[in-house]
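Participant: Here it is, the structure in full.
The values are calculated or read from the model by the stated rules, or taken from the named source; none is laboratory data. Given the structure is predicted, the values throughout are model-derived calculations rather than measurements. For neighbour counting, all protein chains shown are included, and Cβ atoms are generated from backbone atoms with ideal geometry for every residue, glycine included. With ligands, DNA and RNA removed, areas are computed over all heavy atoms of the protein, side chains included. Shrake-Rupley method; radii C 1.70, N 1.55, O 1.52, S 1.80 Å.
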Amino acid sequence: MTRENTKIVRIGSRAIGGGSSIAIQSMTNTPTEDIEATAAQILRLEAAGCEIVRCTVPDIQAAKAIREIKKRIHIPLVADIHFDYKMAIMAIENGADKIRINPGNIGGTDKIKAVVDAAKERNIPIRVGVNSGSLEKELVEKYNGVTAQGLVESALDKAGMIEDLGYDNLVISIKSSDVLMCVKAHELIADKTSHPLHVGITESGTVFSGSIKSSIGLGLILGQGIGDTIRVSLTDDPVKEIEAAKLILRTLGLRKGGIEVVSCPTCGRTKIDLIALAKKVEEMTANYDLDLKLAVMGCVVNGPGEAAEADLGIAGGDGCGVLIKRGRVVKKVAESELLSVLKSELDNWGK
């Protein structure tokens, strides 16, 4: 079941599934009951490109805060629930656009039914989440350990519990910190359900290791046409998750827009501080809503040729550099002026 054929689910104003564009998600790390801090963080996430946000709801104060937070933000809000079914109901009553639960830790059938009834009354989607770290003991024993097959069976069983209660407004997520297990699980489940799939590599690590693991895992999954929403889970500022997710989607050709910066790895010919320059260019271009490729090259020997496929580029010399447009050198400037000249070009691009 590729993303073009999954069911369409509406999360607030956002539609996922059925061939909709892949939505980028993140999760706040502020105490949800701190309305000011949580709303401020969500607004930062919005500005970075986040399209759906999730907040933890561990207690009554957090559940009640959802109503006020929603007044201050502009993207759908998902309530993350564990253990206490009452928090799920209260989150729905306070305006959550979707709830995330693991039916395995929410309580018995009567408690699950109470949550489903509340969601059904308001037509709020339920995301059924299963992680490798919380796989049921019976399935661990059945498959001789935590496996992709066990994750899929657990997820389908949990989704089936809700479907048996007469509700199919569902999203499924099966996550693991084991990249290849996560990939295999998504390949297996795609053939067995039409519910939209939320994809991510859980507990992937810091910006460096987490971005690499997520890029490999999400690349292998999304590249097969599987997945309707994504989250890059990083131990860092959640904004970093959005930046990584956008780059993954652009690299896979699944998202357009934004400046793609390419840069050479440097060599003995490099006479300028290219590493610092490339970082400054990447930071500067993050604020431009332009769909173009920009090259930052270390020398004028190969720079113009290597930057031929880019719309715009700069290449360093010895204390100087050149500005390149579509493979042609158009201007020579001092090294200290390279960044300002590039900014001027971007400010006037298309004019």
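Participant: Which percent of the accessible heavy-atom area of segment 242-351 goes to carbon and sulfur, probe 1.4 angstrom? Walk me through the numbers before you get to the answer.
Facilitator: Details: 2890 of 6050 Å².
Ligands and nucleic acids excluded, carbon and sulfur reach 48 percent.
Participant: Here's another thing I want to ask about it. Using 0.36 nm times the number of residues separating V140 and S194, minus their current alpha carbon distance, what extension gain do you get?
Facilitator: Details: separation 54, 0.36 × 54 = 19.44 nm, distance 2.55 nm.
In short, 16.9 nm is gained.
Participant: With point charges of +1 on the Cβ of Lys and Arg and -1 on the Cβ of Asp and Glu, referenced to the Cα centre of the chain, which listed residue (C264, L222, L43) lies farthest in the positive direction of the dipole?
Facilitator: Of the listed residues, the answer is C264.
Participant: A further question follows. Which net charge results when you count Lys and Arg as +1 and Asp and Glu as -1 among the other residues whose beta-carbon is under 12 Å from that of V207? Write out the running numbers ahead of the final one.
Facilitator: Numbers: positive: K213, K240; negative: D236, D237, E241, E243.
Net local charge, V207 excluded: -2.
Participant: Ok, one more. Over segment 148-226, what percent of the accessible surface lies on carbon and sulfur atoms, probe 1.4 Å?
Facilitator: Working: 1560 of 2790 Å².
Its accessible area is 56 percent carbon and sulfur atoms.
Participant: Give me the three principal axis extents of segment 222-277 from the C-alpha atoms, as integers in angstrom, largest value leading.
Facilitator: Sorted from largest, the Cα extents of segment 222-277 read 45, 26, 19 Å.
Participant: GNM, the chain, Cα, under 10 Å: largest mean-square fluctuation among I99, I66, I35?
Facilitator: I35
Participant: Name the residues whose placed amide hydrogens come within less than 5 Å of the amide hydrogen of S177, ignoring near sequence neighbours (fewer than 5 apart) on the same chain.
Facilitator: Placed amide hydrogens put S132, T202 under 5 Å from S177.
Participant: When only alpha-carbon atoms are used, what values of Rg and Dmax, in angstrom, describe segment 8-154?
Facilitator: Final numbers for Rg and Dmax: 16.0, 48 Å.
Participant: I've got another one for you. For the chain, report the convex hull volume of the alpha-carbon atoms normalised per residue, in Å³, without decimals. Please list the in-between numbers first.
Facilitator: Values: hull volume 50.0 nm³, N = 351.
Considering the Cα atoms of the chain, their hull volume per residue is 142 Å³.
Participant: Can you check how the C-alpha radius of gyration of segment 141-214 compares to 2.2 N^0.38 Å, as a plain ratio?
Facilitator: Details: Rg = 13.5 Å, N = 74, 2.2 N^0.38 = 11.3 Å.
So segment 141-214 has a normalised radius of gyration of 1.20.
Participant: Quick check for me: using +1 on Lys/Arg Cβ and -1 on Asp/Glu Cβ, what's the dipole size of the chain about its Cα centre, in debye to the nearest 20?
Facilitator: Values: 44 positive and 46 negative charges, 155 e Å.
About 740 debye.
Participant: Distance between Cα centroids, segment 79-104 to segment 308-351: provide it in whole Å.
Facilitator: One Cα centre to the other: 52 Å.
Participant: Can you tell me how much longer the chain between H82 and S344 gets when fully stretched, taken as 0.36 nm per residue apart minus their C-alpha distance, in nm with one decimal? Provide the component values of the computation, followed by the final result.
Facilitator: On the way: separation 262, 0.36 × 262 = 94.32 nm, distance 5.07 nm.
Extending this stretch completely gives an extra 89.3 nm.
Participant: Right, next: Nearest 10 degrees is fine. How inclined is helix 148-163 to the longest principal axis of the chain, computing both from alpha carbons?
Facilitator: 60
Participant: Residue-wise, which Karplus ³J(HN,Hα) couplings in Hz belong to segment 310-326, taking 6.51 cos²θ - 1.76 cosθ + 1.60, θ = phi - 60°, and x for glycine or proline?
Facilitator: Per-residue couplings from phi come out as 8, 6, 8, x, 9, 9, x, x, 9, x, 8, x, 10, 9, 10, 10, 6 Hz.
Participant: What residues have an amide H closer than 5 Å to that of R127, excluding those fewer than 5 places away on the same chain, when H is modeled at 1.01 Å from N in the peptide plane?
Facilitator: Those qualifying (amide H under 5 Å, at least 5 residues apart or on another chain) are I99, R100, I101, V171.
Participant: Could you state, as a whole-number percent, how many of the C-alpha pairs of segment 85-207 are farther apart than 25 Å?
Facilitator: Working: 1801 of 7503 pairs.
The calculated P(r) of segment 85-207 puts 24 percent of pairs beyond 25 Å.
Participant: Another one. Going through the cross-link list K240/K271; K246/K343; K120/K184; K70/K192; K184/K256, which pairs have a Cα-Cα distance over 26 Å in this structure? Mind showing how you got there, number by number?
Facilitator: Values: K240/K271 31 Å; K246/K343 22 Å; K120/K184 32 Å; K70/K192 35 Å; K184/K256 28 Å.
Checking Cα-Cα distances, K240/K271; K120/K184; K70/K192; K184/K256 exceed 26 Å.
Participant: Shifting gears a bit: Pulled fully out, how much extra length does the chain show between T109 and K351, if you take 0.36 nm times their separation in residues and subtract their Cα-Cα distance?
Facilitator: Values: separation 242, 0.36 × 242 = 87.12 nm, distance 6.20 nm.
Using 0.36 nm per residue and subtracting the Cα-Cα distance, I get 80.9 nm.
Participant: Cα-Cα pairs above 25 Å in segment 241-351: how many percent? Intermediate results must be reported in sequence, preceding the final value.
Facilitator: Working: 1046 of 6105 pairs.
Looking at segment 241-351, the distances longer than 25 Å represent 17 percent of pairs.
Participant: How much accessible area per residue does the chain have, counting only protein heavy atoms and a probe of 1.4 Å, in square angstrom? Please list the in-between numbers first.
Facilitator: Numbers: 15640 Å² over 351 residues.
Here the per-residue accessible area is 45 Å².
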